[in-house]
Amino acid sequence: MIYDDEKKITVSAVYRLLIASFLTSTAFAIFFNTYPTTHIIDSIIPSIDAIVLLIVLIYYHYNPHTDINKIIVFYIIFFILTFSPSTIYYVFMAWNSEWRFVDEYPPVTGLMMAIIMLGIIMLPKQYRRYIVLMWASIALPIITYLLNHPDELQTPRGYELIGTFGPASLLLYVVFPFQKSIRKHINKVTGDLRRYELEAGRDYLTDIYNRRGLDLWLGQLNHDDRISVLLIDVDHFKQINDRHGHSIGDRVLVEVASRLRTIYFEKHTIARWGGEEFAVVLVNPKTNTLPFIGSMFQHALGTLPYKSVGKITVSVGVSSIAHHDDFLDLVNQADLALYAAKNNGRNQAVMFNSIHPQLDD
């Protein structure tokens, strides 16, 4: 579960990184095409970046379950290929005395460091080597050039470049362990919240869903799923408590819940509806078998004796089949059928459509 939560966080982080990168590239493309420099590369690269990132964003938006690892690796390699060639181009030309590097290199160092830092903070630690590679492919050529050209190093632009890609980059080694501790803390908090949510949704005695847990489970069904509801009541349960004590009565409820787990093997769930009453929700049951399912539960729960109390019986009310959004209506149907079963002498299963045949589908 923690892995799933971390994956969700990673997917969200990458999506935001792509959006931010696209908007930034678009802004640079507009600026350098509106106010072009003498180097056409300054206009071409941001424009290509914006187009490629838009394509990736559209693909990612319509394919949210794609391999996130491939997207991350592509993103990092893409920016390495974006910034490294242009950096090497400016360094190479400056080294061949075509111009002074500090005068011609575009003011994108802040953007580069922002992307690197965002990658460190937002992406999982297994991508650390790619972030370091991104930094090295840009920083090392610049640092090497400036150290070999002290006249350019000792300028405001030179100090800014060497400071950004040199000492300031040491912050990476501070952020890495901090990012790791943040992710560890997030995982712990997420795990605790998930555990508390599960505990709050389960009945403390029988360890099956309570009403809250059942409601959460229903919310996870597919849009077109149809369900039927069975309400099962232990007959004369008050007499069991009066004769054997509440602790024995609790054991009976635990054993009923245990047997409920072994009766039906298609998609379903069970919950303690209240007191000695249990709810079973069948997902997409077959219409022709539904009339027999209630009797199957009734016989399975009442055939073998229970420890300490011997044989007990149950009454079962079965609803019709409808969309899962109609759950409460189906509960009311099952409740009416259960009431009919009790009035008819208990120890039987009654289907709602048998007492309201005019509602039969």
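Return yes or no: is residue 22 farther than 17 Å from residue 107 by Cα, open to solvent by less than 60 Å² (accessible area, probe 1.4 Å), at pLDDT 80 or above and part of a helix (DSSP H, G or I)? Criteria met by residue 22.
Within the option set 254, 280, being more than 23 Å from residue 337 (Cβ to Cβ), of a type in the set (A, V, I, L, M, F, W, C) and open to solvent by less than 70 Å² (accessible area, probe 1.4 Å) holds for one residue only, 254. Those helices (runs of 4 or more DSSP H) of the range 100-155 in which at least 3 residues are among the β-branched types (Val, Ile, Thr) and either open to solvent by 70 Å² or more (accessible area, probe 1.4 Å) or at pLDDT below 75 (or both), considering only elements entirely within it, cover 109-122.
Taking the criterion of being modelled with pLDDT of 80 or more and hydrophobic (A, V, I, L, M, F, W, C), the residues of the range 36-52 that qualify are 40, 44, 45, 48, 50, 51, 52.
Among residues of the range 186-228 being at pLDDT 90 or above and surrounded by fewer than 13 Cβ atoms within 10 Å (Cβ to Cβ), the one that is nearest to residue 271 (Cα to Cα) is 207. Quick check: anything in the range 320-341 of a type in the set (S, T, N, Q), free of Cβ contacts under 8 Å to residues at least 40 places away in the same chain and out of contact with any His (no Cβ under 8 Å at 6 or more places or on another chain)? So far as the range 320-341 goes, yes, one or more of its residues are of a type in the set (S, T, N, Q), free of Cβ contacts under 8 Å to residues at least 40 places away in the same chain and out of contact with any His (no Cβ under 8 Å at 6 or more places or on another chain).
Of the residues making up the range 25-35, those that are at pLDDT below 85 and either among the aromatic types (Phe, Trp, Tyr) or open to solvent by 50 Å² or more (accessible area, probe 1.4 Å) (or both) are 28, 32. Looking only at residues of the range 225-261 that are assigned to a loop (DSSP other than H, G, I, E, B) and either touching a residue at least 12 places away in the same chain (Cβ under 8 Å) or of a type in the set (Lys, Arg) (or both), we find that the one that is farthest from residue 345 (Cα to Cα) is 225. Among the residues of the range 302-323, those that are over 23 Å from residue 336 (Cβ atoms) and of a type in the set (A, V, I, L, M, F, W, C) comprise 304, 309, 312. The requirement of being in contact with a helix residue (DSSP H, G or I) (Cβ under 7 Å, 6 or more places away or on another chain), open to solvent by less than 20 Å² (accessible area, probe 1.4 Å), in a helix (DSSP H, G or I) and modelled with pLDDT of 75 or more is not satisfied by residue 162.
Of the numbered criteria (1) surrounded by 14 or more Cβ atoms within 10 Å (Cβ to Cβ); (2) of a type outside the set (Val, Ile, Thr); (3) touching a strand residue (DSSP E or B) at 6+ places or on another chain (Cβ under 7 Å); (4) assigned to a helix (DSSP H, G or I), the one residue 315 fails is (4).
Among the conditions (1) modelled with pLDDT of 95 or more; (2) open to solvent by less than 40 Å² (accessible area, probe 1.4 Å), residue 332 misses just one, which is (2).
The values are calculated or read from the model by the stated rules, or taken from the named source; none is laboratory data. Nothing here was measured: the structure is a model prediction, and the numbers come from that model. Here Cβ is always computed from backbone atoms with ideal geometry, including for glycine, and neighbour counts include all displayed protein chains. Heavy atoms of the whole protein, side chains included, go into the accessibility calculation; ligands, DNA and RNA do not. Shrake-Rupley method; radii C 1.70, N 1.55, O 1.52, S 1.80 Å.
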